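Written out below as structure tokens is the structure these notes cover.
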Amino acid sequence: MKRAAKLSKADQELIAAAKSAIKRRYRDDWQEVGAALRTRSGKIFTGVNLDAYLGRMAVCAEAVALGRAIVDRGDAGIERIVAVRHPSPADKNQTIAVVSPCGACRELIFDYDRKAQVIVPNGKSAVAVPIADLLPNKYTRGSER
């Protein structure tokens, strides 16, 4: 990754917050992903995915965390965001691991803060990268936001 940054102690705390959120709310086949977002003011917001019988109604954990940040804090901007996946009970490896955001979440994160950094897996570890690196040639509508 061209502009990857090593993780700081604050980033490790952000990952721990995402893991804590999904550990508390994990339900097999319902809530499997947790996310944590740190605003530029340093406040952390967490979320878990909201699955649904009708798949298109599902909401990603990153979107839930972002919504909580907007409602509770206003527009302080996204400094860093991370998502983690809880393994299903049948998985041999029960490690909660950092996962990359889906395409829709990449678009959402970019729309709300073009300077956001996203923590993504990098082999056996994780790194922080600019959201723009995960979403080249981003569609925009009209003038820049």
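Whenever a residue of the stretch 124-139 is more than 14 Å from Cys105 (Cα to Cα), its partners that are crowded, with 18+ Cβ neighbours inside 10 Å and at pLDDT below 95, lying with C-beta atoms within less than 8 angstrom and at least six residues away or across chains, give the pairs Ser125/Leu7; Ala126/Leu7; Val127/Leu7; Ala128/Leu7. Among the conditions (1) over 21 Å from Ile22 (Cα atoms); (2) outside any strand (DSSP E or B); (3) hydrophobic (A, V, I, L, M, F, W, C), the only one that Val129 does not satisfy is (2). Would the stretch 23-38 turn up any residue that is touching a Gly at 6+ places or on another chain (Cβ under 8 Å), modelled with pLDDT under 95 and under 14 Å from Val98 (Cα atoms)? Within the stretch 23-38, one or more residues are touching a Gly at 6+ places or on another chain (Cβ under 8 Å), modelled with pLDDT under 95 and under 14 Å from Val98 (Cα atoms).
The values are calculated or read from the model by the stated rules, or taken from the named source; none is laboratory data. Owing to the predicted nature of the structure, the values given are computational and were not obtained by experimental measurement. All Cβ positions, even for glycine, are placed from backbone atoms using ideal geometry, and neighbour counts span all protein chains on display.
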